[in-house]
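Everything below concerns the one structure shown next.
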Amino acid sequence: MRAPKNRISLASRVARFLSCENVALVALWCFMAVLLYYVRTVSQEAAPFDPFSILELQHSATLADVKKAYRKKSLEYHPDKNPSPEAAKYFAEKIAKAYKALTDETARKNYEEYGHPDGHQGMSVGIALPAFMLNIDGATGGILLAGLVGVGILLPLMIAVVYLINSSKYTGNFIMNHTLYSYFHLMKPSLAPTKVMDVFTRAGEFMEMPVRRSDDEPLQRLFTLVRSNLNFDPNNLKQEQAKFWKRHPSLVKVELLLFAHLTRQGAEVPPGLRGDLDHILKLSPPLLEELMKMALVQRDHTGFGWFRPAVGVIELSQCIMQAVPVSARKVSERAVAMGASAEGPAQFLQLPHIDEVVVKKIVRKKVRTLQELRDMDLEDRQAMLKSVAGLTEEQVEDVESTLAMLPTIVLDITIETEGEEDNLVQEGDLVTMSAWVSIERGNKMTLCQPHTPYFPYPKDEVYWLLLADIQANAVWNFHKISFLDETAAITAATNAVRDAMEGTGADPKDIHDAINKVIERVKSGARLVKGKFPAPAEGTYNLTALCLCDTWIGCDKKTNVKLKVLKRSRAGTRGQATAADVGNAAASGDEDEADSEADGEEVDEQYDDEYESEYSDDDDDEREEEDHDSRVTENGKVEEEGGAADEDAGEITDAAGTSSQKEKVSQQSSQSENNKEARGGARRRRR
């Protein structure tokens with residue numbers, strides 16, 4: 001039986017029954033019942049025409065009997081005798097025709113042949129179809145039947161089958177199931193960024209791309225243009241080329257077109273292949289997002305994703321958006337040691353009017369990173385671009401406009417266990433990652449359309465927040481961040497803050513003030529990201545929080561996070577209990593006792609009150625009773641040692657001689673007696 005507060009009221013049951021679907025269903029069934037009743041009662045078959053019955057004669061009646069009966073009926077129903085309209089109608093339709101059928105030869109013949117004096121009275125039904133399909137011979141009846149079956153049955157059935165087959169090939173994100181299967185199985189933990197392209201091109205959408213015979217010659221020309229970027233082994237060049245052309249034709253086509261785009265040779269693509277290139281670029285953002293998810297999906301028993309392939313996917317996305325070859329991101333160790341950026345010249349190539357020749361000139365001026373270029377004074381930067389790079393005034397303005405669009409990511413992240421005042425993390429705790437991510441630009445705008453002149457479709461910035469252990473190649477938590485929907489961001493942030501503060505028992509006014517602050521911060525362009533994950537084994541973990549942009553190169557943010565996980569000494573416990581828990585310890589507590597002696601000088605005893613397991617032995621209780629023997633101090637006072645569950649007893653030394661120590665001893669003695677009675681009751685209940 002349910003509790004009164006959980007019982008469903010009659011009004012709730014009625015409201016649940018009177019839903020729109022139920023009311024419509026009942027109304028339709030009532031309408032069906034009315035139709036059936038109408039068909040059974042109203043629609044009756046027409047009675048056959050019987051002149052003898054109308055004139056009330058026998059079938060053996062003579063002509064004189066017919067005339068006599070007609071005169072009799074005329075006196076009753078003739079309009080001159082009976083002015084009623086019903087009588088006149090009955091006389092004209094029944095009596096007159098019955099008399100005519102029995103006295104007129106033609107009418108009598110029609111009656112004998114068709115059952116009515118006026119001849120054939122059947123119902124004629126027609127179909128709105130051409131005449132050649134409805135000829136009397138019936139020679140085209142097969143055409144009519146085939147048309148009805150084909151158009152009315154087979155065609156809708158075929159449409160439904162084709163729709164079901166095509167819909168089963170795609171997921172809810174309109175990505176083919178074959179694509180997800182290939183990405184999942186081809187993803188490897190040590191996948192290098194240069195090898196991500198091979199996995200990306202294995203999408204089912206690319207495999208279905210047609211390869212026409214007319215594409216052979218254009219593909220050969222593309223191969224000549226991009227051959228230096230295909231990472232062939234120079235020692236086995238012929239074998240590598242032969243192996244490349246033996247691959248699936250669609251893979252060859254997709255890879256050549258992608259490399260033509262990355263090397264900014266899209267203008268050299270033949271007209272017959274430009275439509276295919278646009279189709280590939282249109283599919284790239286959603287496919288790269290799914291590839292990113294496959295890299296971050298939980299793989300092994302640790303429940304972590306893979307860091308290296310995830311970074312490789314982001315780098316490939318940045319290169320496709322900016323039309324920069326992946327090889328341009330490579331930089332030698334010597335250059336890195338000299339202060340060069342790990343991104344190589346790729347970060348400069350995304351700026352307008354900047355090519356590799358200009359990049360070399362800029363690097364000679366000790367500007368090795370994009371951030372160093374952004375940090376320069378405006379006048380110095382413009383002077384360098386004009387004198388060193390050889391740019392015109394308009395070209396310099398284009399560069400400045402793009403630099404003002406580049407995002408600067410501000411990342412503030414904390415890791416804690418919610419509800420714990422000491423912020424300590426123990427094994428198995430549910431750890432909460434809270435991060436505020438904000439974007440700052442030189443043009444003071446939060447949202448900005450990226451500068452992607454070689455990408456033919458509009459592309460919004462997408463950011464990925466990763467909490468990773470780089471050394472272990474493990475991604476502990478990840479989130480996709482978008483700065484487009486401010487309303488959804490406000491809702492998510494307020495709900496997260498409200499839930500966290502209500503869990504700690506915060507005052508409603510404090511919760512309201514905190515929510516207002518969060519709303520103002522979100523409106524200023526920041527986004528709150530929260531993620532939860534279980535704490536790993538005991539140890540100190542040097543984690544890294546990275547915020548990666550899928551559009552811009554060299555604008556990522558990295559922050560080091562140190563997480564210290566403590567060992568959980570006993571399952572279900574965190575720290576020590578208070579003295580108020582002693583009464584509850586008799587029923588479900590577990591008492592631990594730690595005794596230590598300092599070579600016969602001072603004896604300090606500390607008692608931890610913890611919950612007792614149901615599998616504790618009675619011998620432990622007996623030992624606890626023995627520990628409560630009285631002792632005599634130097635002042636002749638008798639001390640009773642505090643119970644093992646009394647954590648407020650503190651330290652009692654046998655050198656106590658002050659009045660404050662005497663008061664403490666007396667309090668501990670009374671608490672010890674109470675603890676002993678509580679343990680005795682718990683022991684009797686267990687037995």
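Annotations for the structure displayed:
- If you filter the range 358-393 down to residues that are outside any helix (DSSP H, G or I) and charged (D, E, K, R), you find that the one that is farthest from the chain's Cα centre (by Cα) is LYS365.
- Residues of the range 364-403 satisfying the condition of being out of contact with any Lys or Arg (no Cβ under 7 Å at 6 or more places or on another chain), among the aliphatic types (A, V, I, L, M) and buried (at least 18 other Cβ atoms within 10 Å of the Cβ): VAL367, LEU370, LEU385, LEU391, VAL399
- Selection status of LYS100, touching a helix residue (DSSP H, G or I) at 6+ places or on another chain (Cβ under 6 Å), at pLDDT below 85 and closer than 18 Å to HIS59 by Cα: yes
- Matching residues, the range 470-486, being part of a strand (DSSP E or B) and either under 17 Å from the mean Cα position of the chain (by Cα) or at positive phi (or both): ASN477, PHE478, HIS479, LYS480, ILE481
- Pairs linking a residue in the range 521-533 that is within 14 Å of CYS547 (Cβ to Cβ) to a residue that is of a type in the set (Gly, Ala, Ser) and assigned to a helix (DSSP H, G or I), with Cβ atoms under 8 Å and 6 or more positions apart or on different chains, are ARG527/ALA489; ARG527/ALA493; LEU528/ALA489; LEU528/ALA492; LEU528/ALA493; LEU528/ALA496.
- Filter pass, THR402 being outside any loop (DSSP other than H, G, I, E, B) and either more than 26 Å from the chain's Cα centre (by Cα) or free of Cβ contacts under 8 Å to residues at least 60 places away in the same chain (or both): yes
A quick yes/no check of all residues on (1) in a helix (DSSP H, G or I); (2) among the acidic types (Asp, Glu); (3) farther than 22 Å from VAL226 by Cβ:
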residue: SER250; (1), (2), (3): yes, no, no
residue: GLU255; (1), (2), (3): yes, yes, no
residue: LEU258; (1), (2), (3): yes, no, no
residue: HIS261; (1), (2), (3): yes, no, no
residue: ARG264; (1), (2), (3): no, no, no
residue: HIS279; (1), (2), (3): yes, no, no
residue: LEU283; (1), (2), (3): yes, no, no
residue: ASP300; (1), (2), (3): no, yes, yes
residue: GLY303; (1), (2), (3): no, no, yes
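- Tally of residues being without any contact (Cβ under 8 Å) to a residue 12 or more places away in the chain and in contact with a Phe, Trp or Tyr (Cβ under 6 Å, 6 or more places away or on another chain) across the range 237-295: 1
- Looking only at the range 405-432, and only at residues there that are over 30 Å from the mean Cα position of the chain (by Cα) and among the polar types (S, T, N, Q), the one that is surrounded by the fewest Cβ atoms within 10 Å (Cβ to Cβ): ASN423
- Checking each residue in the range 53-63 for being closer than 15 Å to TYR90 by Cα and not in a loop (DSSP other than H, G, I, E, B) picks out SER53, ILE54.
- Yes/no for ARG368 being under 16 Å from ARG441 (Cα atoms), at pLDDT below 95 and among the basic types (Lys, Arg): no
The values are calculated or read from the model by the stated rules, or taken from the named source; none is laboratory data. The shown structure was predicted, so the numbers you read here are calculated from the model rather than taken from an experiment. Please note: Cβ atoms are built from the backbone with ideal geometry, for glycine as well, and neighbour counts cover all protein chains shown.
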